[in-house]
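> Attaching a single structure in C-alpha cells format; questions to follow.
The values are calculated or read from the model by the stated rules, or taken from the named source; none is laboratory data. Note that the coordinates shown come from a computational prediction; the quantities given were computed from them, not determined experimentally. No Cβ is skipped: glycine too gets one built from the backbone with ideal geometry, and neighbour counts run over all protein chains shown.
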Amino acid sequence: MIFYFSGTGNSEHVARFLAEKTDDCVISISECVKTMHYDFKLKKRERIGFVYPVYAWGLPYIVEQFLKSLSLEKYGKHYTYSVATCGAATGGADMQLAKLLSKRGLSLHATFAIKMVDNYTVVFNVKNEEKNAKINDSAEEQLKNVAFLVNNRSGGYYNKHRGLWPVSNVVHKGFNMSRKTSLFKVSQDCIGCGKCAKNCPSGAISMDYGKPIWVKSSCTMCFACLHRCPVNAINYGPTTKRNGQYYFEKAEKEKTAYIEDKNDIEEN
C-alpha cells in the first residue's frame with residue numbers, strides 16, 4: 001500500500017504512477033485524518049510506500065500527525081520506502097520520516113526524491129507553464145527509475161536533492177511556528193464555490209454566507225485552497241497573487257479515472 005499526501009497534485013500523481021507500475025493501491029493521508037482511520041492490516045510481504053511533498057525541508061504537519069497515530073498489523077518482512085517531491089531540496093524530511101516510522105516498528109529501506117514544480121508561491125513564481133512542463137516531464141523519467149527500484153525492492157539512499165540538511169531542523173521548526181491562517185485573505189472575486197473548504201485537508205475552512213472563513217488558527221499550509229480557487233480569489237501575503245496558481249492537472253484526471261474504474265468494478 002502507498003500512503004500519500006498532496007496539496008496540489010504532485011505527490012498524488014507520483015503515488016498513482018507507482019501504484020500502477022507496482023500493482024499496488026493508494027491511500028490518501030488526508031482522508032485518513034478526516035475519518036480518523038489509522039489502523040491497517042498488511043498482507044504477507046506487502047510493500048509500504050510513503051509519498052509526500054517537502055515543506056521547508058521537513059514533513060508537512062498533517063503527515064507528521066498521521067505517522068504518530070498510524071498502526072500497522074504486520075505479516076512477515078515488509079519493504080518500506082519513501083518518495084519526497086520537492087521544488088529544490090528535501091532537507092531532513094526523509095530522516096524525520098525514518099524516525100517517526102521507527103517508533104511504529106518500521107525500518108525505511110529506501111528513500112527517493114523527485115523534483116517537481118514548487119507550489120509555495122509566497123516565494124516562487126509558477127506562471128511559466130512551459131517551464132513547469134519541462135520540470136514535470138523530467139520528473140516522469142525519474143519516476144520510471146523509482147518504480148523499477150521499488151519493484152525490485154532495492155534498498156539504499158537514492159535522494160540526490162538533500163541540500164543543506166544540517167540546518168533543516170531549524171528551518172522546519174520556524175516554518176511550523178508560522179503556519180498561521182490569519183494571513184489568508186479573500187478578494188471580492190470569490191464566487192462562493194466552496195472548493196477551498198472541500199479541498200482543505202486540515203478542515204480549517206468553513207463557508208459562511210457563501211464566503212470562506214478560516215476557523216482554525218493554523219493549518220498544514222499546503223495552499224490547496226489558494227491554488228484550486230477557480231478565480232484566484234485567495235491570497236496569502238502580498239506575493240501569491242502575482243506569482244500565480246499551480247495544480248498538476250494530470251493528478252485530477254488520474255483520480256477521476258480511478259474512481260470510475262472502481263465504480264465499474266463494483267457495479268459488475
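> Would you confirm whether or not region 121-133 contains a residue that is crowded, with 18+ Cβ neighbours inside 10 Å, in the same structural domain as Pro60 (by TED's automatic domain parsing) and outside any loop (DSSP other than H, G, I, E, B)?
Checking region 121-133: not a single residue is crowded, with 18+ Cβ neighbours inside 10 Å, in the same structural domain as Pro60 (by TED's automatic domain parsing) and outside any loop (DSSP other than H, G, I, E, B).
> So the check is Cβ under 9 Å with 6+ separation or different chains; which pairs have a first residue in region 15-32 that's crowded, with 21+ Cβ neighbours inside 10 Å and modelled with pLDDT of 95 or more and a second one that's β-branched (Val, Ile, Thr) and in a helix (DSSP H, G or I)?
Pairs that qualify, where the first residue is crowded, with 21+ Cβ neighbours inside 10 Å and modelled with pLDDT of 95 or more and the partner is β-branched (Val, Ile, Thr) and in a helix (DSSP H, G or I), are Phe17/Val146; Leu18/Val146; Leu18/Val150; Ile29/Ile62; Ile29/Val63; Ser30/Ile62.
> Restricting the search to region 193-210, which residues are touching a Gly at 6+ places or on another chain (Cβ under 7 Å) and surrounded by 14 or more Cβ atoms within 10 Å (Cβ to Cβ)?
Met207
> Now for a separate question. Here are Asn136, Asn169, Asn176: which of them is touching a residue at least 24 places away in the same chain (Cβ under 8 Å), part of a helix (DSSP H, G or I) and within 25 Å of Pro238 (Cα to Cα)?
Asn176
> Given region 34-78, what strands (runs of 3 or more DSSP E) lie entirely inside it while holding 1 or more residues that are more than 21 Å from Lys99 (Cβ to Cβ)?
39-41, 71-73
> Can I ask one more? Would you check if Thr240 is crowded, with 20+ Cβ neighbours inside 10 Å, of a type in the set (Val, Ile, Thr), under 16 Å from Lys127 (Cβ atoms) and touching a helix residue (DSSP H, G or I) at 6+ places or on another chain (Cβ under 8 Å)?
yes
> Can I ask one more? Taking the condition buried (at least 19 other Cβ atoms within 10 Å of the Cβ) and assigned to a strand (DSSP E or B), does Ser82 pass?
Answer is yes for this residue.
> Limited to region 158-212, what total is found for residues that are aromatic (Phe, Trp, Tyr) and closer than 21 Å to Ile62 by Cβ?
2
> Can you pull out every residue in region 189-214 that is without any contact (Cβ under 8 Å) to a residue 40 or more places away in the chain and not in a strand (DSSP E or B)?
Correct list: Gly192, Cys193, Gly194, Lys195, Cys196, Ala197, Lys198, Asn199, Cys200, Ala204, Tyr209, Gly210.
> When the residues of region 156-181 are filtered to those that are small (Gly, Ala, Ser) and under 22 Å from Glu64 (Cβ atoms), which remaining residue is surrounded by the most Cβ atoms within 10 Å (Cβ to Cβ)?
Ser168
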